[in-house]
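**Student:** This is the structure I have questions about; it appears just below.
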């Protein structure tokens, strides 16, 4: 067993709102797991030692909502490129995600089912320096609905169609099922409050996924689609911009997660005027203050908010996960509460036994920062931060 001890750091281990000063931890290279932690003088029995000289160490980020085949500069979820070109773009997106500090992602709709292939590729060659991934394959949409496009969505228009296509998706390897409960910002002929897939259709997806221990995420921005998704029993509601108090209470009771993706809506009025269609900019701008208010209220009531960015949507590139944390703090969260949403993402994905905190027995996925993220969450935006996976430095 080859071991490395990392020492002389200020550690935020992800479990509590404090730093452990002058911390050290040891990693087994063969498993990538932490075998011991402590403070003060580090043990001298390891094969290798790394001195972090007082820098700040924190867990790698878990982003529960990405679209690696999408092109942030085009404003389209569904690329018109070939599958080969989309694959190259997906690999580049994965590199950017890891460099930004994201060590694990959940894909929530991927062109050509590319994530179902890439997840099994060894992390060598082109796939070196990429995060771990929970794949979804293509999303599930009603005919003419949000996400109904040639390479991005499965068309389903009845519970029976949903059952068959979800089963096929899971046969191909989907570990999460993405369903479209409402319209959205990026489609010109629908709106956030347009209900799309109905309760019965989504419930079938939940039933099939849960039988195999997999999760269901529902795109739902307005009502009645948010309510429909909750009634269907999905594991997470994505965006959830117009969530009501009644829905928040139902989510708490059912342990339904809210994946806020605030940065996706923020980026469009911030960078889109003159570059995106006026209708798209207006949709996003009109919703922004509402979504801040509604998500903050649901969070304060006790809804579990998970970290996700909708990466790949317009001007919301694959480096923006730390910006989502900043927006959370701007809307009233403490830095610890914002950072803790990454743990909630791991919990949503049933991964907390291995990821999201720096504790003995877990994988050594961590970031090394110049600044204290518990004092200023923008410290995570450091461009040249060190990023480690399984105890091995990637960036």
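The values are calculated or read from the model by the stated rules, or taken from the named source; none is laboratory data. Quick caveat, the model's predicted, so the values are computed rather than measured. All Cβ positions, even for glycine, are placed from backbone atoms using ideal geometry, and neighbour counts span all protein chains on display.
**Student:** List pairs: first residue in segment 270-282 and in contact (Cβ under 8 Å) with a residue 40 or more places away in the chain, second residue part of a helix (DSSP H, G or I) and surrounded by 12 or more Cβ atoms within 10 Å (Cβ to Cβ) anywhere in the structure, Cβ distance under 8 angstrom, at least six positions apart or on different chains.
**Tutor:** Sorted first by the residue in segment 270-282, then by its partner, the pairs are 272/280; 272/281; 272/284; 276/268; 280/268.
**Student:** Go through 209, 218, 205 for me and flag whichever is modelled with pLDDT of 95 or more, more than 30 Å from residue 392 (Cβ to Cβ), under 20 Å from the mean Cα position of the chain (by Cα) and in a helix (DSSP H, G or I).
**Tutor:** Selected residue: 209, the only one of 209, 218, 205 that is modelled with pLDDT of 95 or more, more than 30 Å from residue 392 (Cβ to Cβ), under 20 Å from the mean Cα position of the chain (by Cα) and in a helix (DSSP H, G or I).
**Student:** Oh, and also: Within segment 358-381, count every residue that is buried (at least 18 other Cβ atoms within 10 Å of the Cβ) and in a loop (DSSP other than H, G, I, E, B).
**Tutor:** Here the count works out to 6.
**Student:** Check whether at least one residue in segment 324-332 is surrounded by fewer than 22 Cβ atoms within 10 Å (Cβ to Cβ), part of a loop (DSSP other than H, G, I, E, B) and not assigned by TED's automatic domain parsing to the domain that holds residue 35, and report yes or no.
**Tutor:** yes
**Student:** Output the number of the condition that residue 15 fails; it satisfies all remaining conditions of (1) buried (at least 16 other Cβ atoms within 10 Å of the Cβ); (2) modelled with pLDDT of 95 or more; (3) part of a loop (DSSP other than H, G, I, E, B).
**Tutor:** Residue 15 satisfies every listed condition except (1).
**Student:** All but one of (1) under 16 Å from residue 139 (Cα atoms); (2) in contact (Cβ under 8 Å) with a residue 40 or more places away in the chain; (3) surrounded by 22 or more Cβ atoms within 10 Å (Cβ to Cβ); (4) in contact with a helix residue (DSSP H, G or I) (Cβ under 7 Å, 6 or more places away or on another chain) hold for residue 203; which doesn't?
**Tutor:** (3)
**Student:** Please name all residue pairs, on different chains or six or more residues apart, with Cβ atoms under 6 Å, provided the first residue is in segment 244-264 and is assigned by TED's automatic domain parsing to the domain that holds residue 321 and the second residue is modelled with pLDDT under 95 and not in a helix (DSSP H, G or I).
**Tutor:** 264/313
**Student:** Further question on the same structure: Here's a check for you: in segment 110-134, which residue that is more than 22 Å from residue 151 (Cα to Cα) and assigned to a helix (DSSP H, G or I) is nearest to the chain's Cα centre (by Cα)?
**Tutor:** 127
**Student:** Could I ask something else about it? Can you name every residue in segment 168-177 that is exposed (fewer than 15 other Cβ atoms within 10 Å of the Cβ) and closer than 19 Å to residue 197 by Cα?
**Tutor:** 168
**Student:** Only residues that are out of contact with any helix residue (DSSP H, G or I) (no Cβ under 6 Å at 6 or more places or on another chain) and over 19 Å from residue 220 (Cα atoms): list them for segment 143-166, please.
**Tutor:** 150, 160, 161, 164, 165, listed by residue number.
**Student:** Then there is this: Might you let me know whether segment 125-142 holds any residue that is more than 30 Å from residue 381 (Cβ to Cβ), out of contact with any helix residue (DSSP H, G or I) (no Cβ under 7 Å at 6 or more places or on another chain), without any contact (Cβ under 8 Å) to a residue 60 or more places away in the chain and assigned by TED's automatic domain parsing to the domain that holds residue 225?
**Tutor:** Checking segment 125-142: at least one residue is more than 30 Å from residue 381 (Cβ to Cβ), out of contact with any helix residue (DSSP H, G or I) (no Cβ under 7 Å at 6 or more places or on another chain), without any contact (Cβ under 8 Å) to a residue 60 or more places away in the chain and assigned by TED's automatic domain parsing to the domain that holds residue 225.
**Student:** Residues in segment 294-313: is at least one at pLDDT below 95 and either in contact with a helix residue (DSSP H, G or I) (Cβ under 6 Å, 6 or more places away or on another chain) or more than 29 Å from residue 273 (Cα to Cα) (or both)?
**Tutor:** yes
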